[in-house]
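Let me begin by presenting the structure, written as structure tokens, before commenting on it.
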Amino acid sequence: MTRLDDTDARLLRALARDAGQSTAALGQRFGLSQPATWRRIRRLEEAGVIRGRHLKLDAEKLGFGVTVFLGVKLALRGRVSLEDFERAVTAIPEVQTVEHVLGLYDYRLRVVARNLPDFERVLRRRIMTLPGAGEVEANVLLSEERLAGPL
Amino acid sequence: MLDDDDRRLLRYWQAEPSLSQGELAERAGMTTGRATRRIARMQELGVVKGVGVVIDWAALGYAVEVSLRVTLDKTQGNAFDAFMAQARNVPEVIELQTFLGRVDVRLSIIARDMAHYQEIYRNQILMLPHISEIEALMHVARIKTSQGVPL
């Protein structure tokens, strides 16, 4: 487990908001030289604290007006292979995230679609036909906030 | 609003968000100048909101992630606003979403271990106003995390 000092935490917070800033600009903000800033970021990447980068797009402006979260329960009839389900669900382009969870559902999916009819098409043709898919619950996303977390 | 060249740039960019504009231009088969102009325009339009780093909370010692699905007491007129305002103040809440469906609000919570989670749940979450029901989904694994839009 990696421990962060205050400067790491502030750096990480700034990078989560905007990773496009130059290391020189970031360094200036936090009173570090450009190489020192670069080394800190490098260390966070090597430690796996920074898992990667993510392009933030406005899905709505790209014509994808509907985001739906689906809770999927696998059907217990017959033998269900988690690998088969996971492989098939991951291949659906409209499915943005797949999480394996424990509780009321087995999987949580984030699905993006152009509009409700388009969502219905994805649901009927692609989700409901997945190997092992049982009960499905849908909740339409209205708003979303990402918070800084305990940094 | 966007043409095929724009979408091609976005496809490469969302697949590899750490690419420089020069590298992106090369993949998309256009000059750097042309790619830079298109990217600048998409940023102005708000289609591209930027690049952020993805934090791996597990690498920072937060081994537990729980998704709490909350139903609010809607007989209280300000239930949503009051709940959201206070939930934002819980440091371990990293995501806050509102829905149309059976679930009203979903919180993503991270904790160091189950004892820590229990403490957050009892002392902070159950203190939030206007909750009528809570269901917990315990996070087991991330199978797909692209968050990309099918362009």
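The values are calculated or read from the model by the stated rules, or taken from the named source; none is laboratory data. Just so you know, these numbers come straight off a predicted model, no measurement behind them. FYI the Cβ positions are ideal-geometry reconstructions off the backbone, even for glycines, and counts take in every protein chain you see.
Looking only at residues that are more than 8 Å from every other protein chain (Cβ to nearest Cβ) and among the aromatic types (Phe, Trp, Tyr) in region B:47-84, which one is surrounded by the most Cβ atoms within 10 Å (Cβ to Cβ)?
B:Phe83
For B:Ala28, only one of the following conditions fails: (1) within 23 Å of the chain's Cα centre (by Cα); (2) more than 19 Å from A:Asp58 (Cβ to Cβ); (3) small (Gly, Ala, Ser). What is its number?
The single condition B:Ala28 does not satisfy is (1).
Could you check, for region A:77-99, whether at least one of its residues is within 10 Å of another protein chain (Cβ to nearest Cβ), surrounded by 20 or more Cβ atoms within 10 Å (Cβ to Cβ), assigned to a helix (DSSP H, G or I) and under 18 Å from the mean Cα position of the chain (by Cα)?
Among the residues of region A:77-99, at least one is within 10 Å of another protein chain (Cβ to nearest Cβ), surrounded by 20 or more Cβ atoms within 10 Å (Cβ to Cβ), assigned to a helix (DSSP H, G or I) and under 18 Å from the mean Cα position of the chain (by Cα), which makes the answer yes.
Within region B:1-40, track down each residue that is acidic (Asp, Glu) and either under 23 Å from A:Phe64 (Cα atoms) or exposed (fewer than 14 other Cβ atoms within 10 Å of the Cβ) (or both). Break it down stepwise before answering.
First, pick out the residues of region B:1-40 that are acidic (Asp, Glu): B:3-6, B:16, B:23, B:26.
Listed by number, the residues that qualify are B:Asp3, B:Asp4, B:Asp5, B:Asp6, B:Glu16.
Does region A:100-113 hold any residues that are over 17 Å from B:Val149 (Cα atoms), more than 7 Å from chain B (Cβ to nearest Cβ) and either among the charged types (D, E, K, R) or not in a strand (DSSP E or B) (or both), and which are they? Walk me through it before giving the result.
Pass one, region A:100-113, residues over 17 Å from B:Val149 (Cα atoms): A:100-108.
Still in the running and more than 7 Å from chain B (Cβ to nearest Cβ): A:106-107.
Listed by number, the list holds a single entry, A:Asp106.
Mind telling me which of the residues A:Leu11, A:Leu55, A:Leu70, A:Leu62 ends up being surrounded by 18 or more Cβ atoms within 10 Å (Cβ to Cβ), assigned to a helix (DSSP H, G or I), within 25 Å of the chain's Cα centre (by Cα) and not β-branched (Val, Ile, Thr)? Steps first, answer last, please.
On the way: A:Leu55 fails: assigned to a helix (DSSP H, G or I); A:Leu70 fails: assigned to a helix (DSSP H, G or I); A:Leu62 fails: assigned to a helix (DSSP H, G or I).
Answer to the check: A:Leu11.
Would you confirm whether or not region A:97-104 contains a residue that is at positive phi, in the same structural domain as A:Glu135 (by TED's automatic domain parsing) and touching a strand residue (DSSP E or B) at 6+ places or on another chain (Cβ under 7 Å)?
yes
Please return the ranges of helices (runs of 4 or more DSSP H) entirely within region B:1-97 where 1 or more residues are more than 19 Å from B:Ile109 (Cα to Cα) and in contact with a Phe, Trp or Tyr (Cβ under 9 Å, 6 or more places away or on another chain).
On the way: elements: B:4-15, B:21-28, B:32-45, B:79-87.
Filter on region B:1-97 gives B:21-28, B:32-45.
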